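The values are calculated or read from the model by the stated rules, or taken from the named source; none is laboratory data. Source: prediction; values computed, not measured. Positions of Cβ are generated from backbone atoms using ideal geometry, with glycine treated the same way; all protein chains shown enter the neighbour counts.
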Amino acid sequence: MALNRSPLTAAQQVALVVLRTLVGWHFLYEGLYKLWAPAWSRAGAPLAPWSSAGYLRGASGPLAGLFHAVAASPLLPYVDMAMPVALAAVGLLLMLGLFTRAACIGALCLLALFYVSAIPTSGALQHGAEGAYLLVSKNLIEAAAVAVLLTFHTGRMAGLDLLRARPSRVDARPEAA
């Protein structure tokens, strides 16, 4: 880790890099699972590849009409391929610490879409839900975590962004004797 010249302690940097890696794993796994795992019937027989159609049809947020229209449009197969690829790409980049700022922006865009598709407004436990949410959901919490990662440039703490980093003007000046 590049722990020198940072106002953060080594423990703070490690915590941020661990957070980036965990968020990255979550995105990568979600993407790979959607690419590789077929939908399963209740009897356990494979049905078809993953599709976003059910999620889009179930949208209830302010853009629900748009999501419903995409679910019924010829664009659906492209969305079904783009979503898991985007998830996996963002996750891999975050885990590697490569193009970390772009990966964080991509993650924030995806999380914003997930959040606005179904903003939790009832506060009640819904059928099949993991818990009861009122305005704050796991998508919003993960977006806040990604916003923290974006502000701290964690790819330059530990990651392949270290290989791409150019010295800043301060770093390029010769030291005074």
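Considering region 27-40, and only residues there that are loosely packed, with under 15 Cβ neighbours inside 10 Å and part of a helix (DSSP H, G or I), the residue that is modelled with the highest pLDDT turns out to be 29. With respect to being at pLDDT below 85 and not aliphatic (A, V, I, L, M), residue 51 falls outside the description.
Count of region 45-101 residues, restricted to those that are under 27 Å from residue 25 (Cβ atoms) and small (Gly, Ala, Ser), is 14.
Listed here are the residues, each with its yes/no results for (1) at positive phi; (2) part of a loop (DSSP other than H, G, I, E, B); (3) acidic (Asp, Glu); (4) at pLDDT below 90.
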site	(1), (2), (3), (4)
114	no, no, no, no
120	no, yes, no, yes
130	no, yes, yes, yes
140	no, no, no, no
144	no, no, no, no
177	no, yes, no, yes
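Contact map, region 102-119: first residue closer than 11 Å to residue 27 by Cβ and aliphatic (A, V, I, L, M), second residue modelled with pLDDT under 90 and crowded, with 19+ Cβ neighbours inside 10 Å, Cβ cut-off under 8 Å, separation 6 or more or different chains; pairs are 111/139. Restricting to region 1-20, and then to whatever is exposed (fewer than 13 other Cβ atoms within 10 Å of the Cβ) and not aliphatic (A, V, I, L, M), can you tell me which residue is modelled with the lowest pLDDT? So the residue we want is 4.
Among the residues of region 97-107, count how many are part of a helix (DSSP H, G or I) and crowded, with 18+ Cβ neighbours inside 10 Å. Full working, then the answer.
From region 97-107, those part of a helix (DSSP H, G or I) are 100-107; that's our starting set.
Retained after the next criterion (residues that are crowded, with 18+ Cβ neighbours inside 10 Å): 100, 103-104, 106-107.
So the count comes out to 5.
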